[in-house]
1. So for the stretch 102-221, Kirkwood radius off the Cα pairs, Stokes-Einstein at 10 °C and 1.306 mPa s: how many µm² s⁻¹?
2. May I ask you to derive the FRET efficiency for LEU67 and VAL176 from their Cβ-Cβ distance with R0 = 30 Å, giving the value to the nearest 0.05?
3. Could you check the spin-label model distance between ASP196 and ALA214? Points 7 Å from the Cα along Cα→Cβ, value in nm.
4. If you filter the stretch 130-185 for trypsin sites (Lys or Arg not before Pro), then keep DSSP loop positions with at most 14 other Cβ within 10 Å, what is left?
Amino acid sequence: MSEVALLPGASVWTVDCCAVQPGWFAHPAGGDRCTSIGVRPELWRSIAGEHWILGLPDVYVDASVDLLHRRLLRAGRTGDIQFGLAEEVVRLVAVAAHAASRERSSAHRRDGLPDHTLAAAARAAILDDEPGSHRLIPLAQRLGVSPFALSRAFSAVVGVSLTRYRNRVRVGRALVRIEDCHRDLAGLAADLGFSDQAHMTRTIRTHVGRTPTALRMLLSD
């Protein structure tokens, strides 16, 4: 077993067999390799609802779940663990939780905040670098909602995922620093919360189509 990511309330592993432990679910990733996600009770309840009842020990993996799993694996390769991977983990856990529950809970948000209010609060937290805003699950806890509800509401209102919005904010800040002739790209990546310089380069290229080095030449006098 090898750990892929440790998130607040959940852990992701790749394992050599598909034996499912209580509170875990796994999905084959080819041969005997599986993706296994361990979910703590508090995170599970925040996604499935307080009154969920386990009705099924196994969940049928249809094509939509298969796609979610592939998105999770892809997010894990980007290096953006605390937002990109966390968002995909929450989506996959939500599908499994609701499929395994006898009664689906529609009350994902404890305080009943409208989607636009919730999205505005998340945007403000990210823009202001508020504590917990650098990771999906702590941000949802700060706003008093489940990660699934936050991710869903934000995408519905803003039109992009929380991960893409946060990356857009970071890319904007990177452009300011690069235009100001900031030379230490590794230090810049660390300052902006990227896992490393390569992660920052990939993200900037995705958003603007150019590497930081190319942007430095483009923005120089």
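Since every read-out is calculated from the coordinates, none of them should be taken as a lab result. All figures in this text were calculated on a predicted structure; none of them were measured in a lab. Every residue, glycine as well, gets a Cβ built from its backbone with ideal geometry; the counts of neighbours run over all protein chains shown.
1. Values: Rh = 15.6 Å.
Rounded to a whole number, D works out at 102 µm²/s.
2. Details: r = 36 Å, r/R0 = 1.21.
Using R0 = 30 Å, I get an efficiency of 0.25.
3. 2.2
4. On the way: sites: ARG135, ARG142, ARG152, ARG164, ARG166, ARG168, ARG170, ARG173, ARG177, ARG183; in loops: ARG135, ARG183.
Listed in order of number, the matching sites are ARG183.
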